[in-house]
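Undergrad: For reference, the structure I am asking about is given below.
Nothing in this text is a laboratory measurement; each read-out follows from the coordinates by a stated rule. Fair warning: this is a prediction, and the values are worked out from it, not measured in the lab. Quick reminder, even Gly has a Cβ in these numbers, built from the backbone with ideal geometry, and neighbours come from all protein chains shown.
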Amino acid sequence: MRVTATQRAEAAVREVEASGRTDLVMVLGTGCCDSTAPFLYDRGYYPGPDAVAVGDVAGVTVFAHGWLARLYADGGLVVDVDEGVVADSFSLETEQGRRFTLRLPGRG
Amino acid sequence: MREFKLFIGGEFVDAASGETIETPNPSTGEPAGRVAVGGAEDMQRAITAARKAADEGPWPGMSPQERSRIMLDAFARLSERASEFAGIETEDAGHTVRMSNLFTVPYANEFWRYLAELGARFPYTEKVEPYGFPTESWEWVEREPYGVVGAIIPWNLPYMMAMWKLPPAIVTGNTIVLKPALETPLSAMALAEVLAETDLPPGVVNIVPGHGPTAGEALVTDDRVDKVAFTGSTEVGRRIMQLASGNLKHVSLELGGKGPNILLDDADLDIAIPGSLWATYMHQGQFCTSGTRLFAPAALYDDVTARLVELAESLHVGSAEDFASDMGPVLNKTQFDTIDRYVQVGQDEGAKLLTGGHRITQGVPEGGFYYEPTIFGDVDNAMVIAQEEIFGPVLSVIRYESVEDAIRMANDTVYGLTGGVWSREVPRALAIARRLKAGSVWINDWHLLSPAAPHGGYKQSGLGREHGPWGLNQYLETKYIRVAQETTKDQRFWFQVLGL
């Protein structure tokens, strides 16, 4: 699995950093209402012993759980961001009225 | 438009920041209401109110029967206003009129009633098996409320989730701070208005919508909170476990699912086919208990898929507010894009799109996001669409040659919330149900749960069980009391050991 990011997703990560959140970690989380989506957490969030690094966004490492990374094998995903949405999650960008999402490479 | 403030300590108050937010109606994208957005400071005020009610208020010391009486009074008021609540749920969360009036609201009220009644007759004291070594004693176990509970619920079933979290927590004598999802906070706030009319003491129930990283974090990290109950995504569950570790809060979680649905070759297809679509398409699949992987015997595969497609294509998707709609909108654009991404992925990885797979724009309100009921055939259980929870109206049909293969594939998932088997021969289905690694398993049915029965997940679908006595125990601390029977000093076991 290879994860890249759009420029606006990178800008959103930097904005979270600028708000004073430190030691950021991004992890592709799964299940329930968020489906599979990027979660940006701070204070060196530990995604678990099975997590593997699959990319980075604006210098923040992106992790995926082992089963998910294996599922995509060599496939790629792009971290993007939806602006101006009501999105309740613990992911840090949501307090700024946006939500990180995943897109397929080359599919906008 | 409905407007609500935060409910803290029995009062309706503005957020400290003054911030409010419009929550969109999924059918139209237009505002359904406006709520105050609680921040960390508001959450701390709510915890202070809940702590005070737990430590100094009358609630924990009241008899369970008295707590139950107050809750049943609330039930009567909620029942009288059920159609109003159904209207809110339809506008705020996109539950079709039929779903909210016939199912989600009255069903949620039943959980409140049953758990309130169960709390009155629950055995808060338990016998301990006599054990005479090293000395005889009188001993028993008492169940006590933890104190303050923090609860966080998702957007898909806002009223039902509130009714799954509040009753077991408060009937057992706890106080609670509930954070409803910001996308769908209105029914929880309307519930607060009803509770404010009852004899429920101030601070027993506090309801504060807010952002996860501010209000949510403030709730789960505060040392004055004793227990956290969460329903939502698996990664937020992990985050909450870490954030709650400071004072080792008790944590219960209900998380994702990818329910395997096994159709046996003797199933009554006239029931099993619509039943399988009910398992997948209720609330457009925005349900963790959904049965999104259908295992069909190879010999029946063509017939089963043809029937599924015919029935799926007959479903009418439209505004949730239209009585004629079988299915309504998905939550919003983010949700729509996610569903659409998986439909692309499914085709890329070789699954066959049998029906659906597109946004509906004709005959529906412009501002909502409507997705065709979608079915993939030729799905391999190892594919992305069979492994990840899509949370949309997408069914994957997987062929199986032997029942053993079906069971193996059914359990080959990180989740374990639900499962199901369809067969005319119940003992045969039962043998399979027992081998499914899932917390709730249906035979010839789906989605229906009982407030008297436990619900929760195996594996990455969660920790703990809600409802029934199992659910009440999740909100109770266990205390062992031992009374010495010996009357003189030299009869004491420890007297000899320490030489006192």
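Undergrad: First select every other residue whose beta carbon is under 13 angstrom from the beta carbon of B:ALA244; then total the charges, Lys and Arg +1, Asp and Glu -1.
TA: Working: positive: B:ARG224, B:LYS227, B:ARG238, B:ARG239, B:LYS249; negative: B:GLU217, B:ASP222, B:ASP223, B:ASP226.
After counting each charged neighbour, the total is +1.
Undergrad: Could you tell me the calculated FRET efficiency between B:ALA298 and B:HIS358, based on Cβ-Cβ distance and R0 = 25 angstrom, to the nearest 0.05? Kindly include the intermediate steps, with their values, before the conclusion.
TA: Details: r = 29 Å, r/R0 = 1.16.
Efficiency computed from Cβ-Cβ geometry: 0.30.
Undergrad: What does the C-alpha gyration tensor say about the overall shape of region B:12-108? Classify as rounded when a/c is under 1.5, otherwise prolate if a/b is larger than b/c, or oblate.
TA: Numbers: a/c = 3.59, a/b = 1.21, b/c = 2.96.
Oblate is the answer for region B:12-108, as a/c is 1.5 or above yet b/c matches or exceeds a/b.
Undergrad: First select every other residue whose beta carbon is under 13 angstrom from the beta carbon of B:GLY10; then total the charges, Lys and Arg +1, Asp and Glu -1. Could the numbers behind the result be given before it?
TA: Working: positive: B:LYS5, B:ARG45, B:LYS52; negative: B:GLU11, B:GLU193, B:GLU197, B:ASP199.
Here the charged neighbours net out to -1.
Undergrad: Compute the Cα gyration tensor for chain B, then decide on rounded, prolate or oblate, letting a ≥ b ≥ c be the square roots of its eigenvalues: rounded whenever a/c is under 1.5, prolate when a/b is larger than b/c in the other cases, and oblate in all that remain. Write down the numbers at each step before the final one.
TA: Values: a/c = 2.19, a/b = 1.37, b/c = 1.60.
The shape class here is oblate.
Undergrad: Further, regarding this structure: Can you compute the modelled spin-label distance between A:ALA18 and B:THR488, with each label point 7 Å from Cα toward Cβ, in nm?
TA: Once both label points are built, they end up 8.3 nm from each other.
Undergrad: Among residues other than B:VAL317 whose Cβ falls under 14 Å from its Cβ, what is the net charge (Lys/Arg +1, Asp/Glu -1)?
TA: Details: positive: B:ARG98, B:ARG359; negative: B:GLU313, B:GLU321, B:ASP322, B:ASP326, B:GLU372.
Here the count lands on -3.
Undergrad: Still on this structure, please answer the following. Looking at the square roots a ≥ b ≥ c of the eigenvalues of the Cα gyration tensor of region B:328-475, which shape do they give, rounded for a/c under 1.5, prolate if a/b is larger than b/c, or oblate? Intermediate values should be presented prior to the final figure.
TA: Details: a/c = 2.07, a/b = 1.36, b/c = 1.53.
Since a/c reaches 1.5 but b/c is at least a/b, the shape of region B:328-475 is classed as oblate.
Undergrad: Report the Cα centroid-to-centroid distance between region B:1-70 and region B:257-286 in angstrom, as an integer.
TA: About 38 Å separates the Cα centre of region B:1-70 from the one of region B:257-286.
Undergrad: Based on the Cβ-Cβ distance of B:ARG69 and A:ASP74, what FRET efficiency does E = 1/(1 + (r/R0)^6) give at R0 = 56 Å, to the nearest 0.05?
TA: Working: r = 63 Å, r/R0 = 1.12.
So the FRET efficiency works out to roughly 0.35.
Undergrad: Residue by residue through B:207-217, how many Cβ atoms from other chains fall within 10 Å of the Cβ on average? Walk me through the intermediate numbers first.
TA: Details: counts 0, 0, 1, 2, 10, 9, 15, 3, 2, 5, 5.
Shielding by partners across B:207-217 averages 5.
Undergrad: Any idea what angle helix B:82-93 forms with the longest principal axis of chain B, computed on alpha-carbon atoms, 0 to 90 degrees, nearest 10?
TA: Roughly 60 degrees, rounded to the nearest 10.
Undergrad: Could you tell me what percent of the DSSP beta bridges with both partners in chain B are antiparallel, to the nearest 5?
TA: Details: 32 of 72 bridges.
Roughly 45 percent of the DSSP beta bridges within chain B come out antiparallel.
Undergrad: Once you average over the residues of A:34-44, how many Cβ atoms of partner chains fall within 10 Å of each Cβ?
TA: Numbers: counts 12, 14, 13, 4, 1, 6, 1, 8, 2, 2, 0.
Per-residue shielding by partner chains comes out at 6.
Undergrad: If you take the beta carbon distance between B:GLU404 and A:ARG8 as r and set R0 to 35 Å, what does 1/(1 + (r/R0)^6) give as a FRET efficiency, to the nearest 0.05? Intermediate results must be reported in sequence, preceding the final value.
TA: Working: r = 49 Å, r/R0 = 1.40.
With a Förster radius of 35 Å, E is 0.10.
Undergrad: How far apart, in nm, are the 7 Å Cα→Cβ label points at B:PHE12 and B:GLU310?
TA: Spacing of the two 7 Å Cα→Cβ label points: 5.3 nm.
Undergrad: Give me the number: length gained by fully extending B:GLU22 to B:ASP268, i.e. 0.36 nm times residue separation minus the C-alpha to C-alpha distance, one decimal in nm. Write down the numbers at each step before the final one.
TA: Values: separation 246, 0.36 × 246 = 88.56 nm, distance 4.68 nm.
Full-extension gain reported as 83.9 nm.
Undergrad: Right, next: Let me know the mean shielding of B:234-245 by other chains, meaning the per-residue number of their Cβ atoms within 10 Å of its Cβ.
TA: Mean number of neighbouring Cβ atoms from other chains: 6.
Undergrad: For B:LYS489, list the lysines whose Cα falls under 29 Å from its own Cα; do not include residues on the same chain fewer than 8 positions away.
TA: B:LYS127, B:LYS479
Undergrad: For region B:320-401, which chymotrypsin sites (Phe, Trp or Tyr not before Pro) are in a loop by DSSP, counting at most 14 other Cβ atoms within 10 Å? It would help to have the intermediate numbers written out before the result.
TA: Values: sites: B:PHE323, B:PHE336, B:TYR342, B:PHE369, B:TYR370, B:TYR371, B:PHE376, B:PHE391, B:TYR400; in loops: B:PHE323, B:PHE391.
Sites meeting the loop and neighbour criteria: B:PHE323.
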